[in-house]
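**Student:** My structure is below; once you've seen it, I'll send some questions.
The values are calculated or read from the model by the stated rules, or taken from the named source; none is laboratory data. Given the structure is predicted, the values throughout are model-derived calculations rather than measurements. Cβ placement follows ideal geometry from the backbone for every residue including glycine, while neighbour counts extend to all protein chains displayed.
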Amino acid sequence: MLQRNAAARTAGRCTPVVSDLSSVEGVRGLVDWLDEHLTSIDILINNAGATWGAPLEEFPLTGWTKVLNTNLVAPFYLITGTLALLRMAARPDRPARVINIGSVDALATPSWENYSYSASKAGLHMVTRHLAKQLASDGITVNAIAPGPVLTDMLGHAAADPEVEAGLLERVPLGRYGQSDDLIGTVRFLASRAGSYLTGTIIPLDGGISGCAG
């Protein structure tokens, strides 16, 4: 709770729930918790992600199963598992929202050997479009954001290497990393009244990588 001036105003309550979304049990446990504690869901954001890099000849099966389970299987079953709650929140003039976090690596061929990551995000983009068509009549919009290189923990180790960083930013026409505000602003747009007429859209938040290729 935040206190402003003399009056205390509720800014929202956040309840953390620990769950391993790379496992069937973890996804099921989270869906069960949501079903038990909530009566509706206005906005569902699938933001959990994993990546794996290895040379082509050495790329392990584990690098596929963990990444696809986290990036593609879990979002699908979180959406289908919470459909009743999303439908409860939907109104004719205010749809419930599903926002999936995809990747520019599903729009432009990556420079890194992260085969399962790009494949999982491409799958998530297609699932976004497919579910958007399926759920439109229920008053639920489904969109995705495809970020380029945004400074997060996942990118941190690469950004620490000057050579890798130079090669990474060379791909970005705007010549910089995305910032948290760039991603937050796009999520807010999709979750707001201004984004209520969009569904099945993949927004490339990538500094021009996908749009200026070639």
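**Student:** Identify all residues within segment 21-33 that are part of a helix (DSSP H, G or I) and among the aliphatic types (A, V, I, L, M); write none if there are none.
**Tutor:** Listed by number, the residues that qualify are 24, 27, 30, 31.
**Student:** I'd like to verify a number: residues in segment 34-65 that are in a helix (DSSP H, G or I) and either exposed (fewer than 14 other Cβ atoms within 10 Å of the Cβ) or touching a helix residue (DSSP H, G or I) at 6+ places or on another chain (Cβ under 8 Å) (or both), how many?
**Tutor:** Residues that pass the stated criteria total 11.
**Student:** Moving on. Is there a residue being polar (S, T, N, Q) and either over 18 Å from the mean Cα position of the chain (by Cα) or assigned to a loop (DSSP other than H, G, I, E, B) (or both) anywhere in segment 79-97?
**Tutor:** yes
**Student:** Looking at segment 27-49, I want the residues that are on the phi > 0 side of the Ramachandran plot and have a partner that is at pLDDT below 95 with Cβ atoms under 9 Å, at least 6 apart or on another chain. Which pairs are those?
**Tutor:** Sorted first by the residue in segment 27-49, then by its partner, the list stays empty.
**Student:** Could you tell me how many of the residues in segment 109-137 are crowded, with 20+ Cβ neighbours inside 10 Å and either among the hydroxyl-bearing types (Ser, Thr, Tyr) or assigned to a loop (DSSP other than H, G, I, E, B) (or both)?
**Tutor:** 6
**Student:** Find all pairs meeting these conditions: Cβ atoms under 6 angstrom apart; at least six residues apart or on different chains; first residue within segment 184-211 and assigned to a helix (DSSP H, G or I); second residue surrounded by fewer than 17 Cβ atoms within 10 Å (Cβ to Cβ).
**Tutor:** If the second residue must be surrounded by fewer than 17 Cβ atoms within 10 Å (Cβ to Cβ), the pairs left are 191/43; 195/189.
**Student:** Give the residues of segment 84-127 that are touching an Asp or Glu at 6+ places or on another chain (Cβ under 8 Å) and within 10 Å of residue 140 (Cα to Cα), sorted by residue number.
**Tutor:** Matches in segment 84-127: 86, 87, 89, 90, 96, 97.
**Student:** Is it fair to say residue 67 is touching a Gly at 6+ places or on another chain (Cβ under 8 Å) and within 23 Å of residue 125 (Cβ to Cβ)?
**Tutor:** No; evaluated as a whole, the condition is false for this residue.
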